[in-house]
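S.K.: Below you'll find the structure I mean.
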């Protein structure tokens with residue numbers, strides 16, 4: 001069996017439901033955009049023609065040269081950078097490669113965390129038998145580190161609002177780290193327990209801040225998109 005074809009087939013079989021929420025432009029100049037991606041919108045259009053709607057598809061209607069510097073998962077909302085020309089794309093892309101772009105995320109987790117802050121460190125690898133899942137693997141996984149800070153503990157039912165600082169950028173890192181840590185993100189369909197998935201109508205993960213150096217002005221950009229939850 002061709003594993004790549006199998007994984008591609010699974011990816012193509014997903015049909016995203018319509019997203020009626022709009023993209024909000026948080027910052028704009030002639031070189032780049034900072035936008036607020038709604039939950040339930042693909043970052044990029046899929047191969048399946050029914051998945052044409054996406055952040056990129058919508059942006060190029062008004063900004064034909066727009067390209068995305070990074071992606072957010074389908075269910076994740078929040079701040080993203082879009083470049084408006086190739087030179088800016090390349091320069092900010094280098095910052096991503098060198099680990100110079102800093103991001104934080106807000107999430108609501110299942111249960112109460114014992115500590116107010118800490119690190120979650122589990123190596124992550126592709127789960128080739130269960131696309132699109134990732135897995136924790138100490139033999140083949142890549143080093144993955146997430147810093148967390150408790151914002152508040154909520155009751156009835158027990159939940160914890162946290163600020164995540166991903167120190168590495170693995171696929172699904174915050175979602176799988178939360179589950180392995182014993183506190184899955186509410187509404188997460190991939191890394192969950194029965195209760196945590198049922199406790200929210202959407203994935204309660206939001207890209208809240210992003211910091212990088214503007215490639216033309218050399219100023220440090222502090223992008224902020226407050227969490228809706």
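S.K.: Kindly provide the set of residues from segment 123-146 that are outside any loop (DSSP other than H, G, I, E, B) and farther than 26 Å from residue 195 by Cβ, ordered by number.
M.R.: If the condition is that a residue be outside any loop (DSSP other than H, G, I, E, B) and farther than 26 Å from residue 195 by Cβ, then 125, 126, 142, 145 are the ones that fit.
S.K.: Out of 123, 132, I need the residue that is within 19 Å of the chain's Cα centre (by Cα), touching a residue at least 40 places away in the same chain (Cβ under 8 Å), surrounded by fewer than 20 Cβ atoms within 10 Å (Cβ to Cβ) and assigned by TED's automatic domain parsing to the domain that holds residue 196. Which one?
M.R.: 132 is the lone residue from the list that is within 19 Å of the chain's Cα centre (by Cα), touching a residue at least 40 places away in the same chain (Cβ under 8 Å), surrounded by fewer than 20 Cβ atoms within 10 Å (Cβ to Cβ) and assigned by TED's automatic domain parsing to the domain that holds residue 196.
S.K.: Another question, then. Looking only at segment 77-88, decide whether some residue is surrounded by 20 or more Cβ atoms within 10 Å (Cβ to Cβ) and assigned to a helix (DSSP H, G or I).
M.R.: Initially, segment 77-88 is screened for residues surrounded by 20 or more Cβ atoms within 10 Å (Cβ to Cβ), giving 77-83, 88.
Add one more test, that the residue is assigned to a helix (DSSP H, G or I), and what stays is 88.
Yes, segment 77-88 has at least one match.
S.K.: Consider residue 59 against the criteria (1) in a loop (DSSP other than H, G, I, E, B); (2) out of contact with any helix residue (DSSP H, G or I) (no Cβ under 6 Å at 6 or more places or on another chain); (3) free of Cβ contacts under 8 Å to residues at least 40 places away in the same chain: it satisfies all of them except one. Which criterion is unmet?
M.R.: (1) is the only condition that residue 59 fails.
S.K.: When residue 150 is evaluated against the numbered criteria (1) assigned by TED's automatic domain parsing to the domain that holds residue 187; (2) surrounded by fewer than 19 Cβ atoms within 10 Å (Cβ to Cβ); (3) touching a helix residue (DSSP H, G or I) at 6+ places or on another chain (Cβ under 8 Å), which criterion, by number, is the only one it fails?
M.R.: Answer for residue 150: the failing condition is (3).
S.K.: Could you identify the single residue in 70, 112 that is modelled with pLDDT of 95 or more, assigned by TED's automatic domain parsing to the domain that holds residue 159 and in a loop (DSSP other than H, G, I, E, B)?
M.R.: Checking each option against the conditions leaves just 112.
S.K.: While we're here: If only one of 168, 160 is in contact (Cβ under 8 Å) with a residue 24 or more places away in the chain and either within 15 Å of residue 102 (Cβ to Cβ) or in a helix (DSSP H, G or I) (or both), which one is it?
M.R.: 168 is the lone residue from the list that is in contact (Cβ under 8 Å) with a residue 24 or more places away in the chain and either within 15 Å of residue 102 (Cβ to Cβ) or in a helix (DSSP H, G or I) (or both).
S.K.: Related question: Quick one: residue 92 ticks every box in (1) within 19 Å of the chain's Cα centre (by Cα); (2) farther than 29 Å from residue 199 by Cβ; (3) in a strand (DSSP E or B) bar one, so which box is it?
M.R.: Failed condition: (3).
S.K.: Return the residues of segment 100-117 that are out of contact with any strand residue (DSSP E or B) (no Cβ under 6 Å at 6 or more places or on another chain) and either closer than 13 Å to residue 175 by Cα or in contact (Cβ under 8 Å) with a residue 24 or more places away in the chain (or both); say none if nothing qualifies.
M.R.: Residues satisfying the conditions are 100, 110, 111, 115.
S.K.: Do we find a residue being crowded, with 18+ Cβ neighbours inside 10 Å and either at pLDDT below 95 or touching a helix residue (DSSP H, G or I) at 6+ places or on another chain (Cβ under 9 Å) (or both) anywhere in segment 211-222?
M.R.: Yes: one or more hits.
S.K.: State all residues of segment 95-109 that are over 17 Å from the mean Cα position of the chain (by Cα) and not in a loop (DSSP other than H, G, I, E, B); if no residue qualifies, say none.
M.R.: 95
S.K.: Quick one: in segment 185-201, of everything that is assigned to a loop (DSSP other than H, G, I, E, B) and more than 15 Å from the chain's Cα centre (by Cα), which residue is surrounded by the fewest Cβ atoms within 10 Å (Cβ to Cβ)?
M.R.: The extreme case among them is 201.
S.K.: What is the one condition in (1) exposed (fewer than 14 other Cβ atoms within 10 Å of the Cβ); (2) farther than 22 Å from residue 208 by Cα; (3) touching a helix residue (DSSP H, G or I) at 6+ places or on another chain (Cβ under 9 Å) that residue 44 does not satisfy?
M.R.: Tallying (1) exposed (fewer than 14 other Cβ atoms within 10 Å of the Cβ); (2) farther than 22 Å from residue 208 by Cα; (3) touching a helix residue (DSSP H, G or I) at 6+ places or on another chain (Cβ under 9 Å), residue 44 fails exactly one: (2).
The values are calculated or read from the model by the stated rules, or taken from the named source; none is laboratory data. From a predicted model like this one, the values you see are computed outputs, not experimental measurements. Don't worry about glycine lacking a Cβ; one is built from the backbone with ideal geometry, like all the others, and counts go over all protein chains shown.
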